[in-house]
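Report on one structure; see the data block that follows.
The values are calculated or read from the model by the stated rules, or taken from the named source; none is laboratory data. Only a predicted model underlies this, so the values are computations on that prediction, with no experimental measurement involved. Cβ atoms come from the backbone with ideal geometry, glycine included; neighbour counts cover every protein chain shown.
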C-alpha cells in the first residue's frame, strides 16, 4: 500500500531532486512502487496587507513522496546525493491521512498559508541568538524584508561593525 513520506533534501534543489527521482524510477522500472512526488507549494497570504502573494514552497527543503516502502524504494530515494534523509530515520514513518489532507488543502488554496511576520524597526536593539555573534547585542541599521535579512551594528573590539543576519538569527 502506498503511503506518503517526507524526505529532507538540500534547500533549493527540490525540483532537481524530483526530476532525478522520476528519472531513476523509470530507469529501474519501479513505477509500481511509487505514486506522486510533490514539491509542496501554496498561495501565501501576507499578514500585513492580507493579499495573496505568489505561490511559494510551503516546506522548503522537503519533498512529499507517495510510495510503497520496500528496500528497493527506500534505496532509490535515500541514495540520491541531494537527499539528506527520510523523516523518521532508517525506519521512516508515513505521515497521517489528516496531515496529508491539510497539506493538500494548503496546496489547492482552500487553507491559506500565512507567512510569519516578524516586525523589526531601524534603531531597535536585538539579541543575536545564533551564528558567530551569538550572545552579542546589536542595533538594527537596515531591514531587507524580501530576503529576510537585517544589517545589525555590533560592537566588536570597541568598534561598531555592520553584520548581516537572517531574521531567524535574532530575537527582539
## Note on the structure
In region 66-93, residues that are assigned to a loop (DSSP other than H, G, I, E, B), within 17 Å of residue 35 (Cβ to Cβ) and in contact with a helix residue (DSSP H, G or I) (Cβ under 9 Å, 6 or more places away or on another chain) total 1
### Task
Hey, can you tell me all the residues within region 132-142 that are in contact with a helix residue (DSSP H, G or I) (Cβ under 9 Å, 6 or more places away or on another chain) and either assigned to a strand (DSSP E or B) or surrounded by 13 or more Cβ atoms within 10 Å (Cβ to Cβ) (or both)?
133
### Task
Would you check if residue 25 is in contact with a strand residue (DSSP E or B) (Cβ under 7 Å, 6 or more places away or on another chain), surrounded by 15 or more Cβ atoms within 10 Å (Cβ to Cβ), in a helix (DSSP H, G or I) and modelled with pLDDT of 90 or more?
yes
### Task
Assess whether residue 120 counts as being at pLDDT below 90, closer than 29 Å to residue 41 by Cβ, surrounded by 14 or more Cβ atoms within 10 Å (Cβ to Cβ) and outside the structural domain of residue 23 (by TED's automatic domain parsing).
yes
### Query
Within region 29-38, is even one residue closer than 17 Å to residue 87 by Cα and either without any contact (Cβ under 8 Å) to a residue 40 or more places away in the chain or assigned by TED's automatic domain parsing to the domain that holds residue 63 (or both)?
yes
